[in-house]
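Accompanying notes for the structure given below.
The values are calculated or read from the model by the stated rules, or taken from the named source; none is laboratory data. Worth saying up front: this structure is predicted, and the values here are computed from it rather than measured. Positions of Cβ are backbone-derived with ideal geometry, glycine not excepted, and every protein chain shown enters the neighbour counts. Accessible surface areas use protein heavy atoms only, side chains included; no ligands, DNA or RNA. Shrake-Rupley method; radii C 1.70, N 1.55, O 1.52, S 1.80 Å.
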Amino acid sequence: MNSYPASPVVLGSILAAACLVAACGGSSSSPSSTQSAPSSFAAGNLVVARSVYNSSLVVNGALPYNGNETTPAVSTVTAVSPGTFPNVFTNDANDADFGVTTDMYLDQWTPTGTSASQSLNVTATAAAASVPENFTVSFASQSGMGLNVSQDGKSLVFMGYNSPINQLDVSNSNTPDVVDPTNPDFQTATYRTVAQLNFSTGALSFTHTDAYSGDDARSATLANGMFYMVGAAGNSGSSPNPTYGEYDILSMDTGLQSIAPGSTCAYTQVIGTFYSGNSSTYAPAATGTCAMGVITDALSATTYAKKTSMGGNQFGFSLANLTGQTFDKSSKDDNFRGMFVDAKGTMYVSKDSGSNGVDTVYQVGSTGALANGATLAQNTAISIVPGFPTSTMTAGDTETSFPNPWTLATGVGFPSSMWVPSNNTNLMFVADEGDYGDSGTVAYAPNGSGGLWVYLNQAGTWSPIAHLTAGLNLGVAYTVTDAVGTYGTVGAIYTTTPEGLRHVTGRINSDGSYTLYATTSTIGNSTSTAFDAGADSNQLVKITVNVSGSTVTTNGFSVMETAPFGQVLRGVAVVPSGS
């Protein structure tokens with residue numbers, strides 16, 4: 001175990017180190033104001049996570065892919081040429097893990113603003129601290145940079161990587177203390193880091209974790225003195241076949257995880273009921289120790305092929321919970337993406353991708369499980385929220401497997417994130433990314449499930465009462481232009497197309513209506529069919545919704561901002577009053 005000696009790193013006031021995009025060098029973008037960033041985040045402001053690709057970076061030569069921990073270069077994968085943006089993101093075709101670490105910004109929008117008024121470069125602020133901290137995000141991870149307000153309303157919580165900028169494939173690297181021997185990405189092992197920003201003081205702190213080895217960190221929140229995180233399920237492949245023991249450790253490293261802020265032990269605690277396909281038993285690590293839990297497994301010394309179900313273990317949710325379903329591959333059922341804790345203290349998580357499990361919304365523990373200062377026990381059950389879809393995913397699913405057109409009765413298809421208003425915890429707004437993210441087609445987008453779903457809880461069962469897409473222009477291409485030639489050519493353009501929504505938040509208006517803010521998912525970039533849709537300049541949109549009983553009325557979405565050429569928009573949150 002490699003303890004990280006500087007965890008957490010507290011950066012104090014962000015006033016001196018923070019800067020606006022235009023004032024920090026690099027590409028110009030909204031906002032263009034030259035005033036200093038604030039030392040606090042104003043109540044009522046919308047916060048949007050943004051990342052900017054480094055225009056000076058040229059990627060060429062061998063990529064850190066197609067090897068493993070013991071054989072770093074089975075056969076060299078060579079980067080595409082030219083290795084500049086945007087063509088560099090056609091590397092997705094020959095390096096499935098391709099990504100680049102970049103700066104993370106937090107933009108503030110006032111409630112009536114028509115553009116962002118303030119911007120904090122979190123990466124630069126961390127690097128300029130008295131104790132410098134590497135904190136970056138992965139361009140173009142589609143589900144990263146989720147933003148959550150802490151349960152007490154005092155801080156913003158999000159995740160990134162303990163890495164410098166311009167590093168390749170970090171989001172799929174192993175973590176320092178949890179090694180997946182089948183991971184084809186042999187980049188330097190890197191911590192997944194939880195960042196916390198205090199709204200009042202502007203202080204930033206970072207806690208390093210070993211969670212999500214081999215895959216990306218997505219979202220985190222703080223409730224009653226504990227961080228809770230969701231992320232992807234790792235590789236856990238079959239070449240070379242891992243031992244049961246290795247696979248057991250990886251099973252404990254994904255799904256819903258927890259860690260105490262400032263922990264000097266980077267191991268996290270998996271949350272969820274333990275399920276086994278081979279009669280294994282599980283015991284959490286002893287209190288006060290720096291270790292992962294222990295799975296008692298008589299087969300731990302043997303190897304097996306991942307694609308069989310006999311050896312896997314799961315925490316949280318397993319297909320074996322559903323009638324007629326058998327035990328699934330380890331960890332893959334718990335490939336969670338979004339998370340939200342409502343005003344009653346109920347935690348929800350979502351899954352919207354992968355060829356295993358159920359793409360739906362889940363509840364963690366009982367209603368109000370995090371109320372009154374409570375924390376989640378290791379064996380807290382994770383179950384599909386009553387009324388949400390229970391259909392399983394399979395590796396052969398294609399667009400023809402789904403309704404066309406999608407119907408309201410079918411319900412949400414690919415739920416990426418959720419928002420529950422504090423004045424009515426029986427309402428849930430769910431962002432749907434659309435059909436398989438970047439593996440769908442433009443023609444299907446207007447007919448799919450992408451958009452904003454409104455769910456109503458009646459007598460314990462949730463029902464979809466609206467599927468809102470008007471104004472999103474799903475399937476209609478828009479053009480993004482490098483107007484000043486930041487990335488090499490003045491007037492360079494590409495087109496991309498909205499497919500759905502990834503991240504969502506909202507505010508309660510004085511008249512009882514709700515204004516929802518979301519960032520879009522995209523599909524069909526004109527640069528190349530191999531282009532990673534996560535690198536598209538997506539959009540920030542808003543919609544005002546009135547809900548009366550089960551009746552939903554709205555004038556539709558409007559676009560607040562299209563990310564500039566070479567930039568992406570991700571998580572959204574509203575700074576609460578009294579923060």
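Structural remarks
- Cα-projected label distance for L57 with N241, points at 7 Å along beta-carbon direction, nm: 3.8 nm
- Using distinct alpha-carbon pairs, which all enter the 1/r mean, Kirkwood radius of region 60-106 in Å: 11.7 Å
- Across the accessible surface of region 526-579, with the other protein chains kept in place and a 1.4 Å probe, carbon and sulfur atoms take up 42 percent.
- Dipole magnitude of region 459-546 about its Cα centre (Cβ charges: Lys, Arg +1; Asp, Glu -1), debye to nearest 20: 220 debye
- Multiplying each eigenvalue of the alpha-carbon gyration tensor of region 326-459 by 5 and taking the square root yields semi-axes of 27, 18, 11 Å, largest first, rounded to whole angstroms.
- Maximal additional length on extending the T201-A283 stretch stands at 25.5 nm, based on 0.36 nm per residue less the C-alpha distance.
- Think of the chain as having a plus end and a minus end, set by charges on the Cβ of Lys, Arg, Asp and Glu; of V364, P389, N224, N224 sits farthest toward the positive end of this dipole.
- Calculated mean residue ellipticity at 222 nm for the chain: -500 deg cm²/dmol, from DSSP H runs with n ≥ 4 weighted as -39500 (n - 2.57), summed, divided by the residue count and rounded to 500.
- Rounded to the nearest 20, the Cβ-based charge dipole of region 149-238 about its Cα centre (Lys and Arg +1, Asp and Glu -1) stands at 320 debye.
- Counted charge near N198, where neighbours are those whose Cβ lies closer than 15 Å (Asp, Glu -1; Lys, Arg +1): 0
- Cα-based values for region 100-205, radius of gyration first and Dmax second, are 15.2, 51 Å.
- Length-normalised contact order for the chain - Cα pairs under 8 Å, 6+ apart - percent: 13 percent
- Full-stretch length increase - S526, S81 - with 0.36 nm per residue and alpha-carbon distance subtracted: 158.5 nm
- Per-pair calculated FRET efficiency, R0 = 60 Å: T296 and T489 via Cβ, rounded to 0.05: 0.50
- Selected from A195, T273, N509, residue furthest toward positive end of dipole (the chain; charges at beta carbon): N509
- Put the Cα centre of region 58-92 next to the Cα centre of region 410-475 and the gap is 36 Å.
- What you get for region 83-162, charging only the Cβ of Lys and Arg (+1) and of Asp and Glu (-1), is a dipole of about 220 debye around the Cα centre.
- Proximal charge balance of N54 [Cβ under 15 Å; K/R count +1, D/E count -1]: -1
- Qualifying chymotrypsin sites (Phe, Trp or Tyr not before Pro) in region 466-530, where qualification requires a DSSP coil assignment and no more than 14 other C-beta atoms within 10 Å, are lacking entirely.
- Potential lengthening of the chain between N379 and A260 amounts to 41.1 nm, from the contour at 0.36 nm per residue minus the alpha-carbon distance.
- Based on C-alpha pairs under 8 angstrom that are at least 6 apart in sequence, region 80-120 has a relative contact order of 23 percent.
- Across C290, C265, the residue with the most accessible area heads the list, and the full order at a 1.4 Å probe is C290, C265.
- Heavy-atom SASA rank of M226, M347 (probe 1.4 Å, accessible area, largest first): M226, M347
- In terms of overall dimensions, the C-alpha atoms belonging to region 439-579 reach 56, 38, 24 Å along their principal axes, ordered largest to smallest.
- Global form of region 490-548, assessed from the alpha-carbon gyration tensor, a/c cut-off 1.5: prolate
- The modelled label-to-label distance for the pair A459/S550, using points 7 Å beyond Cα in the direction of Cβ, is 1.1 nm.
- Counting Lys and Arg as +1 and Asp and Glu as -1 over every other residue whose Cβ lies under 15 Å from the Cβ of S300, the net charge comes to -3.
- Binned Cα-Cα distance frequencies in region 199-357 - 5 Å width, integer %: 2, 9, 18, 21, 20, 15, 8, 4, 2, 1, 0
- Identified option (computed Rg/Rh (Cα atoms, Kirkwood Rh); candidates (i) 0.93; (ii) 1.44; (iii) 1.01): (i)
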